[in-house]
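A.B. asks: I am attaching a structure below and will ask some questions about it afterwards.
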Amino acid sequence: MTLIDVRDLRKSYGGRPVVDGVSFAVEEGEIFGVLGPNGAGKTTTVESVLGLRVPDSGTVRVCGLDPFADRARTTLVVGAQLQESEMQGKLTVAESLRLFAACYPRPADWRALAARLGLEEKLDTRYARLSGGQKQRLAIALALVGNPRVVVLDELTTGLDPVARREVWALIEDVRAGGVTVLLVTHFMEEAQRLCDRVAIFDRGRVAALDTPSGLVARTASSTVISFTPSRPLEEDVLAALPGLASVAHHDGRVTLAGTDETVNAVIGLLARNRVSAHQLRVTDATLDDAFLDLTGADA
Ligand SMILES: Nc1ncnc2c1ncn2[C@@H]1O[C@H](COP(=O)(O)OP(=O)(O)OP(=O)(O)O)[C@@H](O)[C@H]1O
């Protein structure tokens, strides 16, 4: 069942299109990632899904509701952690969670949620006194406290340390196991690769590619990376003639080739024929990072 349906969404600011015909559908129980360079239109899109921005044209449905026209009902089924949010500085963590829980007919147990997000020691701390990472955890807890069917998380783990980031990933996996559908905007490739069932890569207001993380990686010209230190230098034109080769790099006597399985087999044959031994030969799969760069020509 489709829970988020976005069709031909368009939005311009000052005559400049920033979302330029975006379409995608998120199925129930999915963790759907939205990736893209800065300014690609990700936040504008997800805030349209939340009914916080009015698109110029196109349609958005969340759990069958129009999030703008049906704002009140939408807020009961959709939780959100926005890229930037602020609570009243004097409210404590417990007060914020109680306040939000009171807005929903079927709230989660906010104490358990606070504990899960490592906030139990901070329940009596005022918002203004929380660290950036603690504010971020509270924002995630507030997104989940209404027991939503869909949760939209914009830069979920920005500002969290690596340990906290992994804890939050485990929490999101639990949330999904509980049947919640997740729309996740992220700049962290590892996060997308680890958590997301499917990913839409945004580029200049459009969806440049939409697939599973492994499907996106498989599409890159350089799906395999081979690196080794040859016992003697190999001729550049011989390397350049390798089948399936996407790129060659040299660093400190080490050769790094990006290519395909065919390239790996050809390199092994080449080394054997030339009686060149390869020290520390490594063959690794390309990552979502490589796919992202291939598709957008930009860094995340
Ligand atoms: N309210 C606004 N008024 C004018 N321009 C805006 C407004 N909101 C966003 N933009 C512009 O729209 C473009 C897309 O912004 P958006 O925040 O959707 O991108 P993003 O992909 O989420 O970027 P980031 O990764 O940096 O968060 C940007 O160029 C931004 O400057």
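Laboratory data are not the source of any read-out in this text; all were calculated from the coordinates shown. Only a predicted model underlies this, so the values are computations on that prediction, with no experimental measurement involved. For neighbour counting, all protein chains shown are included, and Cβ atoms are generated from backbone atoms with ideal geometry for every residue, glycine included.
A.B. asks: Which semi-axes, in whole Å and largest first, does the equivalent ellipsoid of the chain have when worked out from the alpha carbon gyration tensor as the square roots of 5 times its eigenvalues? Walk me through the intermediate numbers first.
C.D. replies: Numbers: eigenvalues 380, 109, 48 Å².
Ellipsoid semi-axes (Å, largest first): 44, 23, 16.
A.B. asks: Sort 272-281, 41-50, 103-112, 152-161 by packing, meaning the average of other beta carbons within 10 Å per residue, with the highest value first.
C.D. replies: Packing order, densest peptide first, comes out as 41-50, 152-161, 103-112, 272-281.
A.B. asks: Could you give the size of the charge dipole of the range 233-285 about its Cα centre, using +1 on the Cβ of each K and R and -1 on the Cβ of each D and E, expressed in debye and rounded to the nearest 20?
C.D. replies: Dipole about the Cα centre, nearest 20: 220 debye.
A.B. asks: At R0 = 30 Å, how high is the FRET efficiency between THR229 and ASN265 if r is their beta carbon distance? Nearest 0.05 is fine.
C.D. replies: Plugging the Cβ-Cβ distance into 1/(1 + (r/R0)^6) gives 0.90.
A.B. asks: Further question: Take the alpha-carbon centre of the range 96-143, take the same for the range 201-263, and report the distance between them in whole Å.
C.D. replies: 45
A.B. asks: Taking the chain as a Gaussian network, where each spring joins two C-alpha atoms under 10 Å apart, which residue of SER12, SER85, SER23 fluctuates the most?
C.D. replies: For the chain, modelled as a Gaussian network with Cα springs under 10 Å, the answer is SER85.
A.B. asks: How much net charge surrounds LEU76 when only the other residues with a Cβ under 12 Å from the Cβ of LEU76 are counted, with Lys and Arg +1 and Asp and Glu -1?
C.D. replies: +3
A.B. asks: Continuing with the same structure: What is the magnitude of the charge dipole of the range 49-102 about its Cα centre, with +1 placed on the Cβ of each Lys and Arg, -1 on the Cβ of each Asp and Glu, and no other charges, expressed in debye to the nearest 20?
C.D. replies: Result for the range 49-102 is approximately 160 debye, rounded to the nearest 20.
A.B. asks: Mind pulling the per residue volume of the convex hull built on the Cα atoms of the range 214-300? Å³ is fine.
C.D. replies: So the per-residue Cα hull volume is 95 Å³.
A.B. asks: Would you mind getting me the FRET efficiency between ASP56 and ALA25? Use the beta-carbon distance for r and R0 = 22 Å, nearest 0.05.
C.D. replies: Approximately 0.60, to the nearest 0.05.
A.B. asks: Which value in deg cm²/dmol, rounded to the nearest 500, describes the helix-derived mean residue ellipticity at 222 nm for the chain, given -39,500 (n - 2.57) per DSSP H run of n ≥ 4 and division by the residue count?
C.D. replies: Numbers: 11 runs with 101 residues, N = 300.
Using -39500 (n - 2.57) per qualifying helix, the result is -9500 deg cm²/dmol.
A.B. asks: Sticking with this one: If you take every DSSP beta bridge whose two residues both sit in the chain, what share of them, in percent to the nearest 5, is antiparallel?
C.D. replies: Of all bridge pairs located within the chain, approximately 70 percent are antiparallel.
A.B. asks: For the chain, find the longest principal axis of its Cα atoms and tell me its angle to the long axis of helix 132-144, 0 to 90°, nearest 10.
C.D. replies: The angle comes out at about 70 degrees.
A.B. asks: A follow-up question, please. If the viscosity is 1.306 mPa s and the temperature 10 °C, what Stokes-Einstein diffusion coefficient in µm²/s follows for the range 32-124 when Rh is the Kirkwood radius over Cα pairs?
C.D. replies: Estimated via Stokes-Einstein, D reaches 103 µm²/s.
A.B. asks: Moving on to the next point. Sorted from fewest to most neighbouring beta carbons within 10 Å, what does the list VAL185, VAL34 look like?
C.D. replies: The order, fewest Cβ neighbours first, is VAL185, VAL34.
A.B. asks: Oh, and also: Have a look at ALA139, VAL152, LEU171 and report the one farthest towards the positive end of the charge dipole of the range 137-215, computed about the Cα centre with Cβ charges (Lys/Arg +1, Asp/Glu -1).
C.D. replies: VAL152
A.B. asks: Assign unit charges at the C-beta atoms only (+1 for Lys and Arg, -1 for Asp and Glu), then state the dipole size of the range 81-120 relative to its Cα centre in Debye, rounded to the nearest 20. Before the final figure, lay out each step's value.
C.D. replies: On the way: 5 positive and 5 negative charges, 36 e Å.
With only Lys, Arg, Asp and Glu charged at Cβ, the dipole is about 180 debye.
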